[in-house]
Structure formats: C-alpha cells, structure tokens
Amino acid sequence: MTLWSGRFSSPMDETLWNLSESYSFDHVLYEHDIRGSSAHVTGLAAVGLLSDEESSTLLSTLEQIRSEFESGSFVRAPGDEDVHMAIERRATELAGDVGAKLHTGRSRNDQVATTLRLFTRDALSEIARAGLFLVEILLEIGEKNEDAYLPGYTHLQRAQPVLLSHHLNAHAFALLRDVDRLLDTRDRLNVSPLGAGALAGTSLALDPTIAADLLGFDATFANSMDAVSDRDFVAETLFDVALMGVHLSRIGEELVLWTSAEFNFASLGDDFTTGSSMLPQKKNSDVAELARAKSGRLVGNLTGLLVVLKGLPLSYNRDLQEDKEPLFDSVRQVLLVLRALSGAFRSMTFNDDVAKSAADDQFLVAIDLAEELVAEGVPFRQAHEKVGKLVAKAVAQKRPLRDVVAATPTYQRFDHLFDEGEALVRRRSPGASGPGPRRDQAQRLRQSADEARQRL
Ligand code: ARG
C-alpha cells in the first residue's frame, strides 16, 4: 500500500511499480530530505499549523529516522515508492497521527525539488573542493620542478619550449574556471521551492521564508509552477561537471602520452599504475585513461537530461524523476576522477632530462631566429621565409639546424640562440612560457584559487 492509495481500488501492477519506484536510487537523498522536512515542520509550527509539542515530536522522530538510515537499520516497506514516502511512512509509524501531519501544505513536488537542491548544493561544494585540491597539486609539482621544461605542442608537433609549471598551470587555470562555474551554479541554485505545493501553493497560512532561512537558502520561489518544474540547477551542474570532465580528459590524455615509452616525460608511482594479465613488463596508466574516458558519460548525462526536459509542459511531470540518476552518476564519477588524478600526479616523477632534451630540439629555435631578424628591422613575413629556407636546407641535408646556421655567414651571429635553455628564457612576454613571467602567473593562479576557496 502506498500513502496515496485512497482513491484506487486495485494495487499497482508490478511492472508499473518497477518502472516508477525510485527508492532504489533516491535513498541516498535521505539526509537532505530529513533536513528539508525538519525545516518544514518548524515552518508549520511557526504559523500555528502544528503545536509546539507536535513539532518537537516530529523533529525527534525525524532525527530517529536519520539515525536508522545512518546505522543501516532503516527498513524499506513494500509500499515505499521513493525516499520521501519512506520517511513519511516511517514518521507516521513512529509518531502516529502527528506523523500524519508532516506533509501538511506540502507536495512531493516541492519536497523533491527542495531535497534535490540541498543535495546538489552540497555536491557542488564537494566537487569544487576536490577541484581546488587538484589545482593545488598541479601548482606544487610546478614549484617542486622549478627548472623543468618540455616542448610545448601545437597539432601534437613540437612547437616551442615551455616550463613544466607553465604547462601544468594551463590545466590549473581551466580547472579554476570549472570551480568558479560550480560555485556560480551553487549561487543561482540557492532558492527554496518549499511551499509551492503540488504546483499552485496552498490555502494554508504557510510562510515559505521560515524553512528557506533554516535551510540556508538566499530566497524563496516567486512562482510556484516554476518552483516545482525547474531543473535548471541540475542541468547546469551536469554541464559544469561535463566541461570539467572534458578538461580532465585532456589532462588524462597527456598523462597517457607522457608516460608512454615514446615520450617518456613522466612515470607514475606503482600505486597509481596497473599491470597486464598477460604481459609481465606492462605498467599501464589506467588512471589517466579512465580520466579521459569518464568524460563520455558525463557529457551523456547532460545530454540525457536536456532531452528529458525538452518539451515538458508545466509543471511537475514524472519525467522529472529521471533527473536523479544522471546527477548522482556525474557527481560520483567526477569526484572519483578528481581524487584519483590528484593522487596520480602526486606519485608522478617527471623525467627532466628527457623532456629537456626534447625541448632543446634545434627546430624550436626557428622562431627565435626569425624574431632576431625582426629586431633588426626585417619585416616578419620575410624573416619567416628566410628561416624557413634554412630549415628546409637542414631537413634536406639531414643536418642539425645549428650547423646550417653556423655555416651561413649572415646568420653566424645567432649561434648563441641554440644554447641549452636559451629558447625557453626568451619566452618573456606577459603570460609567456619562460621563467620571466612565471612569478606573475603563479601569483594570479594563487589569487584565483584563494578567491575560490573563500567562496567555498
Ligand atoms: N520520486 C518522485 C521524483 O523523484 C517524487 C515525485 C512524485 N510526485 C508525484 N506527484 N507523483 O520526482
């Protein structure tokens, strides 16, 4: 028997039950639902819809139910459709008629919207915190390997040398934007739908601001139909997480490349790598591959929800129940990736020498040759052409570019550009990849991270 079976003469068919029950996945919302219900009880008491005695009975009943969930002793009854019904059913079991007053002036529609906002608000904070932790680790690695540099790539072809810190900071800046977005979403989400009822409010003298304040919401809904049908906060969260997942997939891909024998720029600790069931020599960067792969389902979860929402008439529709699994999945998966990647980076050894010698590839000096000519007044396009000819000669004759330059009298004065690390040091414009602008960049990164931490 469900709590709403009054007007029905036959029980629900099992196939419909299996389709529509959501307890199997929404039981994880118990804590947020109890928080919402407790605030609702206080709101009812404040306007005289519950006596003080009734309200304290209900509040302690809800606390008891919370501890039943926490200790694992809560038992789902056969009619418990979802976590909300299960809690109300149990409250009525424990407190009798007083329990039966819990749902006064409330519908599951405003209840579930409230519960889900509370859950999402906590989840956004947790993801932001885990994101900031990874940023911190990227920063640390850059600082610890202060002098390390590697080739920077475009089109995955060696382009110009970059400090390791510069490379990692590029990812850190993207992650900081993700964190910012999560916190923006959290700000926008912070409106209480409780009091909207099924869709049109109530005739009872409820004051929605009381529960809203208790729950730490910044405001209450202005329109009851919007309040029960709005899932923008879920869609935004899924987008934020999907984009963060895309960023993490790019980091993952680079770790896969860096730890391959072909690059050999880095290796991960044994505790962050896996072996092969057949090939004894294998040490695989599965952590990075999974970071790369998880973005697929994160994007899928966003797409899935947007399609559920598309074309829904106002106001609540059962379709909205389909918001939960993608949300839970995305939250869980992105946290798994953030935490495992943080550990993997911590375990990483950067192979300085290998990366350095790749970055000291003589062709990476080509732009510096051209820019020296520019400094002497040659128009850039002509300088580019001239150096291009030298490169072509080196390639055709299979000779190092430095030799070709040394053998060309008009270029001999540029020989020093080929000195180890020289091309890196010359990347000195604001925000560039060399040691010059490093401090300014680190300061900006730290400042953004501090600001995000304060918002948390
Ligand atoms: N489990 C449902 C959900 O997640 C609860 C809302 C059901 N509301 C209703 N009017 N049938 O959306």
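Taken together, the values in this text are just the output of simple stated rules run on the coordinates, not laboratory data. Keep in mind that this is a model prediction, so the values were computed, not measured. Neighbour counts run over all protein chains shown; Cβ positions are idealised from the backbone, glycine included.
Listed values, structure above:
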quantity	calculated
Among residues of the range 1-54, those that are within 13 Å of the ligand (Cβ to nearest atom), of a type in the set (A, V, I, L, M, F, W, C) and surrounded by 12 or more Cβ atoms within 10 Å (Cβ to Cβ), counted	6
Pairs with Cβ under 9 Å, 6+ apart, first in the range 1-25 and farther than 13 Å from ASP80 by Cα, second away from the ligand (no atom under 14 Å from the Cβ)	PRO11/MET1
Subset tally (residues that are under 21 Å from ALA148 (Cβ atoms) and not charged (D, E, K, R)) for the range 350-383	11
Candidates GLU371, GLU422, GLU385, GLU376 - the one that is out of contact with any Leu (no Cβ under 9 Å at 6 or more places or on another chain), within 17 Å of LEU164 (Cα to Cα) and among the charged types (D, E, K, R)	GLU422
Hits in the range 157-174 (condition: touching a Gly at 6+ places or on another chain (Cβ under 9 Å), in a strand (DSSP E or B) and not hydrophobic (A, V, I, L, M, F, W, C))	ARG158, GLN160, PRO161
Pair list, Cβ < 8 Å and 6+ apart or interchain, from the range 199-217 residues that are of a type in the set (D, E, K, R) to residues that are part of a helix (DSSP H, G or I)	ASP207/GLY43; ASP207/ALA46
Which numbered condition GLY105 misses (of (1) under 23 Å from GLY197 (Cα atoms); (2) within 12 Å of the ligand (Cβ to nearest atom); (3) not aliphatic (A, V, I, L, M))	(2)
Filter pass, VAL98 being more than 30 Å from VAL256 (Cα to Cα) and in contact (Cβ under 8 Å) with a residue 12 or more places away in the chain	yes
Residues of the range 77-95 satisfying the condition of being exposed (fewer than 15 other Cβ atoms within 10 Å of the Cβ) and within 16 Å of the ligand (Cβ to nearest atom)	ALA77
Candidate set from the range 177-194 (those that are more than 16 Å from the ligand (Cβ to nearest atom) and crowded, with 22+ Cβ neighbours inside 10 Å); member that is nearest to GLY216 (Cα to Cα)	SER192
Residue list for the range 310-346, filter: of a type in the set (A, V, I, L, M), away from the ligand (no atom under 13 Å from the Cβ) and either over 30 Å from LEU268 (Cβ atoms) or within 16 Å of the chain's Cα centre (by Cα) (or both)	LEU314, VAL331, VAL334, LEU335, LEU336, VAL337, LEU338, ALA340, LEU341
Residue identified as under 26 Å from the mean Cα position of the chain (by Cα), more than 16 Å from the ligand (Cβ to nearest atom) and either crowded, with 18+ Cβ neighbours inside 10 Å or more than 30 Å from ASP240 (Cβ to Cβ) (or both) among VAL98, VAL135, VAL112	VAL135
